[in-house]
Amino acid sequence: MAFDKNNYAPGTHPDLPPPPGTVGVVGWLKNNLFSSLSNSILTLLSMYLLYLLIEGGLSWFVVDAVVNANDKPGCRKIADGACWAVIVKRFDQFIYGFYPLAERWRIDVSFFLLFVAAAPLLYPDIKFRKYMLVFSCLYPFIAFILIKGGLFNLLMIETNLFGGAMLTVIIGVTSIACSLPLGILLALGRQSRLKLVKVISVCFIEFMRGVPLITLLFVASTMLNYFLPPGTNFNLLIRVIIMMTFFSAAYIAEVIRGGIQAIPKGQYEAADAIGLTYWQTTRFITLPQALKISIPGIVNTFIGLYKDTTLVVIIGLLDPLGIGRAALADTKWNGLSTETYLFVAVIFFISCFAMSRYSLWLEKKLSTDHN
Amino acid sequence: MNSKNKNYVIKINEMHKWFGSFHVLKNINLEVGQGERIVICGPSGSGKSTLIRCINRLEVHQEGHISVNGIELSGDLKNLEAIRSDVGMVFQSFNLFPHLSVLENCTLAPIWVRKMPKKDAEELAMEYLERVKIPEQAKKFPGQLSGGQQQRVAIARALCMKPKIMLFDEPTSALDPEMIKEVLDTMIELAETGMTMLVVTHEMGFAKKVADRVIFMDEGEIIEQNTPKLFFTKPTNDRTKLFLSQILNH
């Protein structure tokens with residue numbers, strides 16, 4: 001043998017390439033899809049099933065689907081697949097609810113500005129972050145005035161006209177944005193050495209977690225009136241947002257408490273030893289680490305909250321699900337529940353999937369281990 | 001005892017501490033002079049770590065008095081903050097902040113406790129990182145460093161507060177033998193600058209080389225204290241003799 005890799009003098013062994021077929025595309029296929037006879041059979045079987053699914057699905061979804069028709073019989077006359085016409089005809093309603101047609105640009109502008117406002121919060125490395133954060137702080141007021149109107153010659157729009165995806169985004173984003181800080185405070189409160197703060201936090205968290213969200217929404221929609229002085233008209237949408245915020249804040253608090261408890265005691269000792277105060281320790285040591293650990297749990301709660309916004313249907317607010325049900329109740333579109341619910345599912349999936357991907361990205365970015 | 005004696009930076013007077021009903025420190029009397037280097041040794045569970053943790057009030061003593069730089073340790077938060085910013089501490093498990101870079105670990109307290117401008121704090125931190133010989137690691141995170149490097153960062157972090165006293169709680173016990181030396185060398189250099197140091201350690205070589213005084217503790221009491229030379233050659237107490245025979249003969 002001209003070359004023997006076991007024949008180097010001690011201390012002179014070079015780094016050799018791995019055996020062929022263990023890395024690259026071939027290596028990947030071998031390791032992941034065809035690592036044994038049974039796995040190869042399973043791979044082929046799954047591929048066949050996937051083929052059947054896509055082939056059948058495609059024809060219903062796309063090939064035989066109808067986009068342009070005025071009612072269900074109209075759809076059926078053209079083809080047998082999905083009747084997307086119900087979505088197309090009511091698309092505006094799915095997005096804007098009953099918001100006046102001429103004012104819908106206000107929703108579009110607010111939605112666009114939402115991304116501008118969220119960018120510096122979500123991406124810490126962004127350019128001009130300081131200036132953008134100022135805008136983020138102003139955004140809630142700008143959005144409120146834009147959407148609700150009543151100022152600067154903007155027509156006042158009643159909140160009972162709000163509906164569709166826009167309502168979901170308003171409730172979801174506001175509750176998420178408010179419940180994170182509230183949840184953090186509750187988590188800290190629960191760990192506090194101040195007895196009163198602790199008791200209040202524990203009671204709040206346990207009560208909110210112990211009650212179904214629907215009950216809270218009913219309380220918001222009906223019972224709250226009994227507790228408020230007669231004649232006060234407290235907007236239903238705001239009541240719902242407050243209840244949703246409280247509800248998810250209780251969950252967030254527990255998730256973050258888990259994160260706080262995962263921080264080794266030595267971190268606090270080190271912070272004490274260099275002379276940091278309680279709030280400095282909380283800000284620079286406890287929260288950055290606890291929040292990082294809790295990202296999966298926090299985003300989990302947020303996704304849950306976002307989907308729970310569909311429960312507002314029960315108290316008469318028309319989110320996409322409510323709009324869908326209204327469409328189905330229309331005799332023209334009777335029986336197109338598959339199309340309608342699929343579309344509603346897609347609306348929610350897009351937002352929830354985005355949140356999920358963002359959290360993965362953030363986890364990776366904040367990782368400070370060996371890399 | 002004269003509490004106005006300026007030469008003493010730490011005075012501990014008839015101090016007792018309990019963990020629950022366990023009497024962990026018994027009648028501790030100790031005075032540490034400016035620039036004095038003290039090594040505290042003893043079997044595990046003897047209370048030596050607890051003793052130095054009482055000095056910056058990571059542990060609260062229940063009876064007796066401790067004063068640091070003439071300030072009495074009590075529940076008063078203002079006093080506590082003043083003492084903690086003057087007393088640096090290095091831990092067995094480093095306790096660096098894993099989410100902050102090495103540089104940020106060092107500048108955090110100068111910026112927020114000493115209210116130093118960020119730029120000055122960074123210059124100061126680089127100066128100390130150079131002194132512990134790892135300025136090139138400043139941008140890395142603690143998790144990317146070896147144990148010895150982490151402990152040297154921890155020393156630099158404590159020094160950035162320009163403390164008058166440094167406490168070391170078994171600084172080399174969690175390190176591989178190869179890394180113990182680099183940390184001890186850093187500590188020896190620090191000792192040569194005249195820093196007041198209290199070191200809990202089992203490194204008797206360090207004690208012989210650097211210490212002005214060696215204190216032996218057992219079961220919560222200071223059993224014996226002496227200069228290293230006399231401590232190692234002529235221990236008087238039987239427990240000290242037993243301890244020394246166990247750690248020196250292997």
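The values are calculated or read from the model by the stated rules, or taken from the named source; none is laboratory data. The model shown is predicted, which means the values in this text are computed figures rather than measured ones. All Cβ positions, glycine included, derive from the backbone under ideal geometry; neighbour counts span all protein chains shown. Ligands, DNA and RNA are stripped out before the accessible areas are found, and what is left, the full protein with its side chains, is counted by its heavy atoms. Shrake-Rupley method; radii C 1.70, N 1.55, O 1.52, S 1.80 Å.
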Region A:112-254: translational diffusion in µm²/s, Stokes-Einstein, Kirkwood Rh over Cα pairs, 37 °C, 0.692 mPa s: 190 µm²/s
Percent breakdown of C-alpha pair distances by 20 Å bin, ordered from the shortest bin, for the protein assembly as shown: 14, 34, 29, 18, 4, 0
Shape metrics for region B:63-190, restricted to C-alpha atoms - Rg then Dmax, Å: 15.0, 46
Write down the Å³ per residue value for the convex hull defined by the alpha carbon atoms of region B:154-250. 113 Å³
Based on alpha-carbon centroids, what's the gap between region A:157-229 and region B:214-234 in Å, whole number please? 62 Å
Over chain A, one equal point on each Cα, no solvent: what is log10 I(q)/I(0) by the Debye formula at q = 0.08, 0.10, 0.14 Å⁻¹? -0.62, -0.89, -1.29
Taking one equal scatterer on every alpha-carbon of region A:1-98, how large is log10 of I(q)/I(0) by Debye at q = 0.10, 0.11, 0.17, 0.24 1/Å? -0.61, -0.66, -0.88, -1.16
Could you give the accessible area per residue of chain A, probe 1.4 Å, as a whole number in Å²? 59 Å²
Mind jotting down the three principal axis lengths of region A:87-167 based on Cα atoms? Whole angstrom, largest first. 42, 32, 17
Using a loss threshold of 40 Å², tell me which positions in region A:228-271 are less accessible in the complex than in their chain alone. Probe radius 1.4 Å, ligands and nucleic acids ignored. A:267, A:269, A:270
Bins of 5 Å, beginning at zero and ending with the bin holding the largest distance: percent of Cα pairs per bin for region A:18-63, please. 5, 21, 16, 15, 14, 11, 10, 6, 2, 1
Given H placed on each backbone N at 1.01 Å, which residues far from residue B:221 in sequence or on other chains put an amide H within less than 5 Å of it? B:26
Helix B:147-159 against the longest principal axis of chain B: what's the angle in degrees, Cα atoms only, rounded to the nearest 10? 90 degrees
Two-decimal Rg to Rh for region B:41-125 - Kirkwood Rh, Cα set: 1.03
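Quote to one decimal, in nm, the extra length available between residue A:153 and residue A:228 on full extension: 0.36 nm per residue of separation minus the C-alpha distance between them. Before the final figure, lay out the partial values.
Details: separation 75, 0.36 × 75 = 27.00 nm, distance 3.18 nm.
Result for the pair: 23.8 nm of gain on full extension.
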Choice from A:161, A:276, A:188 showing the highest fluctuation, given a GNM over chain A with Cα pairs closer than 10 Å: A:276
Residue-span extension gain [residue A:133 to residue A:367] - 0.36 nm each, minus C-alpha spacing: 81.8 nm
Out of all DSSP beta bridges in the protein assembly as shown, what portion is antiparallel? Express it as a percent rounded to 5. 50 percent
Cα-based Rg of chain B normalised by 2.2 N^0.38 Å, two decimals: 1.01
Just checking the output field for B:89-100: average partner chain Cβ neighbours within 10 Å of each residue's Cβ? 5
Can you work out the PRE-style zone for residue B:29? Point 7 Å along Cα to Cβ, and I want the residues of region B:57-96 with backbone N under 17 Å. B:63-67
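Give the interface area between chains B and A as buried accessible surface, both sides summed, probe 1.4 Å, in Å² to the nearest 100.
2000 Å²
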Helix axis angle, B:102-112 relative to chain B longest principal axis, alpha carbon, degrees: 80 degrees
Toward the positive end of the charge dipole of the protein assembly as shown, about the Cα centre and with charges on Cβ (Lys, Arg +1; Asp, Glu -1), which of B:172, A:154, A:179 goes farthest? A:154
Can you find, among A:355, B:80, A:271, the residue farthest towards the positive end of the dipole of the protein assembly as shown? Put +1 on the C-beta of Lys and Arg, -1 on that of Asp and Glu. B:80
Run the accessible area of region A:18-63 with a 1.4 Å probe and give the carbon-and-sulfur part as a rounded percent. 78 percent
Helical segments meeting 15 Å axial Cα length and Kyte-Doolittle -0.5 threshold in chain A (DSSP H): A:37-58, A:104-122, A:129-148, A:164-191, A:195-210, A:236-261, A:287-308, A:337-366
Under 30 Å Cα to Cα from residue A:307, which lysines show up? Leave out anything in the same chain fewer than 8 places away. A:72, A:89, A:148, A:292, A:332, A:364, A:365
Measuring from label point to label point, each 7 Å out along Cα→Cβ, what is the residue B:7 to residue A:115 span in nm? 7.4 nm
The alpha-carbon pair-distance distribution computed for region A:174-322, with 10 angstrom bins and whole-percent values, is 11, 35, 30, 16, 7, 1
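Residue B:62 to residue B:127: extension gain in nm, 0.36 nm per residue of separation minus the Cα-Cα distance?
On the way: separation 65, 0.36 × 65 = 23.40 nm, distance 3.96 nm.
Going from the current span to full extension adds 19.4 nm.
Can you figure out the FRET efficiency of residue A:91 with residue B:136, using R₀ = 56 Å and their beta-carbon distance, to the nearest 0.05?
Efficiency for this residue pair is about 0.40.
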Looking only at region A:174-193, which residues have a backbone nitrogen under 16 Å from a spot 7 Å from the Cα of residue A:315 in the C-beta direction? A:174-176
